[in-house]
Amino acid sequence: ARWGVPAAECAVAEGQVSHPAGHRARFGELAAAAAALPLPARPPLKPAGQRRFIGRPVPRNDTAAKLIGGNAFGIDQRLAGMRHARVLMCPTLGGAVASLNAAPALAKPGVRAVFAITGRHGASGAVAVIADTGWQAQSAVTALAKPDAAAVTWHAGPAAGFSSEAFMGTLVAATRADDAGFAYLSRGDAAGALANSRVIEATYQAPYLAHAALEPLNCTVRCDADSAEVWVGTQVPDLARMAVARVLDLPRKRVQVNILPIGGAFGRRLEIDFIAQAAEIARQMPGVPVQTVWSREEDTTHDCYRPACVARLKAGLAADGSLRAWLSVSAGQAVVPQALHRYFGWRVPGPDKTTAEGGFDQPYEWPHARVAHQVVDAPVPVGFWRSVGHSHQAFFKECFLDEAAAAAGKDPVAFRAALLAAHPRHLAVLRRAADAAGWGTPVAPAPDGAPAARGVALHQSFGAIVAQVAEVSLGPDKRIRVHRVVCAIDCGTVVNPRLLRQQVEGGIVFGLSAALYGGVRIENGAVVQNNFHDQPQLRMAESPAIETLIIDSAEAPEGAGEPPAATIAPAVGNAVFALTGQRLRALPLRLA
């Protein structure tokens, strides 16, 4: 309109609009006028053949800086005059400070302030120390924590006496009735079909899980009477601004949030507890930037954990071995109501589909099915963990589907394929992974000569379809070793295949860490594990060879980082059964 030429004669490239007559304008020059126009209902997209970047392995421009330690994560911030804070949090989840004798900490060099702080947005109460250096602050916190110092006493709070082991028993009891819970899928007559079928039944369990991101939680805040500035790696910058504004009693517009790269999040940095805490600490020193960093121990013992969950499953088999009926009743805490209460103080009743996602929203054509979840509350903060409900429901579903195949005397891939006849995309992903893995052919022994076996899993989450085949063997101590994972993924149009492969590899390693080692135990309201020595992560020497097979698709782009993490545990569990004949129905996967 500005140039008086047909729109079809204009071209767009590298942030500019141009015309053969010599006209040229940057997007920014046109933005105000464009904003006044009505949005087109169906804007035409560039034909796939004309794309310059979509579908090509474009390298990241921040890789070199990360490799040499030059990238500024939140924990790397160093501002003029900055002070450093560390915290000692109530050992019992949700507890608070009852009394404080600050003398042991104040006697340490460089210490500027020692004080109690409240728990906000789900955090426990704590004692904070501000010092000239991070080491000085941590040394002062260590002095406060010594039992013989008797420096801090605590109010245990609502979690006092809570045991995760006892809670598992409560969850098992909550799944005993076939009609328990809210039904997210009800197809046909599951009860009637089960009554007229050969029935198999099993109960599966998944523990609480910590996020265990490599970069511990941290946040730097500088505030004065009428403004604040924040430096933080966060997945929710607007909520971060809200939290700081509330703590400091400022208008939101007076809070500036500088969003930094995240050294791992996996859902933990969807929370704002550590950000509000950092603002409360910084308020003690107006005009001075204060960086609050949680120790690894505080990070592990004061997470918003992946909920523990139990599922009881039944399958009804016809005389020919075909699957006639499917029943799944799971029980555990619900994340979304807790998160909304932590963020906004809202108490939202009703079902939370993230509790059962991965159980009810799958492509398998079960003729009769009921998939339900019973919410069971507990005084443990739970949050979004990479792949959320899929992280345990995929394990329950895919391992029990293997049980049904074994009971029917069917091949696990063929058994799944029969249930996917009406879903060609899913069937193609399953077959691609199985063929590439050599399904149906002998498995080569492990490098040390130990026998090996394969297991398969297929799962859809976040719009992506993933099939994985895992090859496993056992070490001399019956330790499960995963040597190879073949992963086929259809996540729609792939923007950058290089990044997709990285997401698949990272997701598999992350999910495998949880499958083999993950689990948080709570005794008397306190988390037992506190660092990587008792909450291990997969090491490079243990990581399998990963083959990523990307399915060409013209569908809309979908998830990439979470779907592979959900699928690996059942693939490994099914491989262990193929190898040993033992069915492992609890995570982490351990042979007796």
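Show me the strands (runs of 3 or more DSSP E) entirely contained within the range 102-178 in which 1 or more residues are surrounded by fewer than 18 Cβ atoms within 10 Å (Cβ to Cβ) and either in contact with a strand residue (DSSP E or B) (Cβ under 7 Å, 6 or more places away or on another chain) or of a type in the set (S, T, N, Q) (or both).
111-117, 152-155
Quick one: is ARG222 within 12 Å of ALA276 (Cβ to Cβ), open to solvent by 10 Å² or more (accessible area, probe 1.4 Å), over 25 Å from the mean Cα position of the chain (by Cα) and not aliphatic (A, V, I, L, M)?
So ARG222 does not fit the description; no.
What single numbered condition from (1) over 39 Å from the mean Cα position of the chain (by Cα); (2) aliphatic (A, V, I, L, M); (3) in a strand (DSSP E or B) fails to hold for ALA8?
(3)
Being part of a loop (DSSP other than H, G, I, E, B) and open to solvent by 10 Å² or more (accessible area, probe 1.4 Å) is the filter here; which residues of the range 308-332 pass it?
Applying the first criterion (part of a loop (DSSP other than H, G, I, E, B)) to the range 308-332 yields 308, 318-322.
Those that are part of a loop (DSSP other than H, G, I, E, B) and open to solvent by 10 Å² or more (accessible area, probe 1.4 Å): ALA318, ALA319, ASP320, SER322.
Looking only at the range 179-201, how many residues end up being part of a loop (DSSP other than H, G, I, E, B), open to solvent by 30 Å² or more (accessible area, probe 1.4 Å) and in contact with a His (Cβ under 8 Å, 6 or more places away or on another chain)?
Residues in the range 179-201 being part of a loop (DSSP other than H, G, I, E, B), open to solvent by 30 Å² or more (accessible area, probe 1.4 Å) and in contact with a His (Cβ under 8 Å, 6 or more places away or on another chain): 2 in total.
Within the range 437-472, which residues are open to solvent by 40 Å² or more (accessible area, probe 1.4 Å), aliphatic (A, V, I, L, M) and touching a residue at least 40 places away in the same chain (Cβ under 8 Å)?
Within the range 437-472, none qualify.
Looking at (1) touching a helix residue (DSSP H, G or I) at 6+ places or on another chain (Cβ under 6 Å); (2) open to solvent by less than 50 Å² (accessible area, probe 1.4 Å), find the lone condition where GLY559 falls short.
(1)
If you check PHE396 against the conditions, is it in contact with a Phe, Trp or Tyr (Cβ under 6 Å, 6 or more places away or on another chain), under 23 Å from PHE360 (Cβ atoms) and aromatic (Phe, Trp, Tyr)? Outline the logic, then answer.
On the way: in contact with a Phe, Trp or Tyr (Cβ under 6 Å, 6 or more places away or on another chain): yes; under 23 Å from PHE360 (Cβ atoms): yes; aromatic (Phe, Trp, Tyr): yes.
Spelling it out, PHE396 is indeed in contact with a Phe, Trp or Tyr (Cβ under 6 Å, 6 or more places away or on another chain), under 23 Å from PHE360 (Cβ atoms) and aromatic (Phe, Trp, Tyr).
Just the residues that are farther than 13 Å from ALA276 by Cα, open to solvent by 80 Å² or more (accessible area, probe 1.4 Å) and assigned to a loop (DSSP other than H, G, I, E, B), please, taken from the range 225-262.
Result: ALA225, ASP226.
Checking the condition part of a loop (DSSP other than H, G, I, E, B), within 18 Å of ALA212 (Cα to Cα) and of a type in the set (Asp, Glu), which residue from ASP534, ASP552 passes?
ASP534
The values are calculated or read from the model by the stated rules, or taken from the named source; none is laboratory data. Source: prediction; values computed, not measured. In this analysis, Cβ positions are derived from the backbone assuming ideal geometry, glycine residues included, and neighbour counts consider all displayed protein chains. Heavy atoms of the whole protein, side chains included, go into the accessibility calculation; ligands, DNA and RNA do not. Shrake-Rupley method; radii C 1.70, N 1.55, O 1.52, S 1.80 Å.
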